[in-house]
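Step one of this worksheet: look at the structure below.
A short reminder: the numbers here are calculations on the coordinates, not readings from a lab. Please read all numbers here as calculations on a predicted model, not as lab measurements. With ideal geometry, Cβ positions are generated from the backbone for all residues, glycine too; neighbour counts draw on all protein chains shown.
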Amino acid sequence: MPEREFHLGQVVLSLRGRDRGRHYLVLRILGERLVAVTDGDKHKVSAPKKKNVRHLAPLEMTAEAIARKLAVGAQVTDAEIRGALRSLTQIAEGG
């Protein structure tokens, strides 16, 4: 099975666990099997959730402004995360 590629600022969908069906943004890559994700609400930027990449579906959407900030080590806020997720997931749902 080919490895899934994840990158900073990418929108992902949780496939397993109590948070199944919830959208997150990739905050950090923690290795080959783990990423730190945030939704800016339940899992804040200050305390992201660690998820196994096998339990996530990478979507072809990226919050570009947030990805640029993360790449240079700049701080992002929970409000920025919530706004980006809201706008990107509404676009994907046709809303």
Can you tell me which residue in region 15-61 is nearest to the chain's Cα centre (by Cα), limited to those that are among the acidic types (Asp, Glu) and more than 18 Å from Glu5 (Cβ to Cβ)?
Asp39
Looking only at residues that are crowded, with 18+ Cβ neighbours inside 10 Å and among the aliphatic types (A, V, I, L, M) in region 15-35, which one is nearest to Lys69 (Cα to Cα)?
Leu27
Test: residue in region 5-15 that is in a loop (DSSP other than H, G, I, E, B) and over 19 Å from Thr89 (Cβ atoms):
yes
